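In what follows, a single structure is set out as structure tokens and then discussed.
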Amino acid sequence: MKSLLSLVTLLSVFALVSCSTTSQVSLDYVPGPGHVKPGQPEFATRPFSDQRGIGPMDLGTVRTQIGTPLEYVQTRVPVSQVVTNAFGHGLQTRNMLTAPRSARYVVTGDVMDLYCQMLVRPYGYARVRVTVLDAASGQIVHSHVYSGERSSRAYVPGSGSPVPTLRDLVSGALQDAVDQALDDPRLRNRLRPEIQPEYPTGPTITL
């Protein structure tokens with residue numbers, strides 16, 4: 001009888017795995033009110049490098065409470081491009097973005113973590129090493145690791161797909177990392193910015 005139960009359990013797990021699906025999502029950058037500090041239009045972006053050690057578009061997994069994967073979450077474009085776009089939009093929102101040929105500084109770096117997961121509680125995390133280069137010499141002006149994380153209340157089975165929630169959480173986590181980096185006083189002071197009035201909240205930007 002015990003062997004039969006074990007076999008049934010094993011077959012159930014295989015059935016769940018075989019029924020797992022993959023969802024593709026786009027991440028959003030939503031400038032928050034009072035959190036945007038304008039600077040000078042002296043920056044361009046260069047592609048970030050994905051150092052996560054997983055597939056270029058892999059973002060996360062929805063699992064059962066025993067850890068069985070039910071759904072895989074991916075980005076529509078490579079994560080390195082998602083993060084590069086996020087910094088480009090962050091710079092643009094702050095009036096800091098300019099054409100590459102006229103840029104004084106270049107923002108680039110490494111994607112160390114960007115993922116979402118759901119076991120019991122939906123969760124999103126981002127960790128990025130941001131490097132600012134002098135555009136003329138290539139010398140490093142500033143380099144630091146920034147992170148963001150967001151979570152939600154426990155998911156209730158049967159309440160619909162958790163993927164939209166996971167998308168929002170990982171989008172928010174990435175935005176937190178971008179905002180921390182671009183508004184870091186250590187970076188701003190080093191680049192001698194001019195203080196200007198803050199811009200109002202802008203529209204949602206799809207990455």
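Please work out the FRET efficiency for the pair residue 190 and residue 102, using the Cβ-Cβ distance as r and a Förster radius of 22 Å; give the result to the nearest 0.05. Could you put the intermediate results ahead of the total?
Details: r = 20 Å, r/R0 = 0.92.
Between residue 190 and residue 102 the formula returns 0.65.
At a Förster distance of 45 Å, what's the computed FRET efficiency of residue 136 paired with residue 156, Cβ-Cβ distance as r, to 0.05?
Working: r = 55 Å, r/R0 = 1.23.
For R0 = 45 Å, the calculated efficiency reads 0.20.
Through the Karplus equation 6.51 cos²θ - 1.76 cosθ + 1.60, θ set to phi - 60°, convert the phi angles of region 178-184 into ³J(HN,Hα) values in whole Hz; use x for Gly and Pro.
Per-residue couplings from phi come out as 4, 5, 4, 5, 6, 9, 4 Hz.
Going through region 20-75, which chymotrypsin sites (Phe, Trp or Tyr not before Pro) have at most 13 other Cβ atoms within 10 Å and a DSSP loop state?
On the way: sites: 29, 43, 48, 72; in loops: 48.
Of the chymotrypsin sites (Phe, Trp or Tyr not before Pro), not one in the loops of region 20-75 has a Cβ with at most 13 other Cβ atoms within 10 Å.
I need the phi-derived Karplus couplings for region 76-89: 6.51 cos²θ - 1.76 cosθ + 1.60, θ = phi - 60°, integer Hz, Gly and Pro marked x.
Running phi through 6.51 cos²θ - 1.76 cosθ + 1.60 with θ = phi - 60° gives 7, 10, x, 4, 4, 6, 4, 5, 4, 4, 4, 5, x, 5 Hz.
Each reported figure results from applying straightforward, stated rules to the coordinates on display, with no laboratory input. The structure displayed is predicted, hence computed values, not measured ones. Positions of Cβ are backbone-derived with ideal geometry, glycine not excepted, and every protein chain shown enters the neighbour counts.
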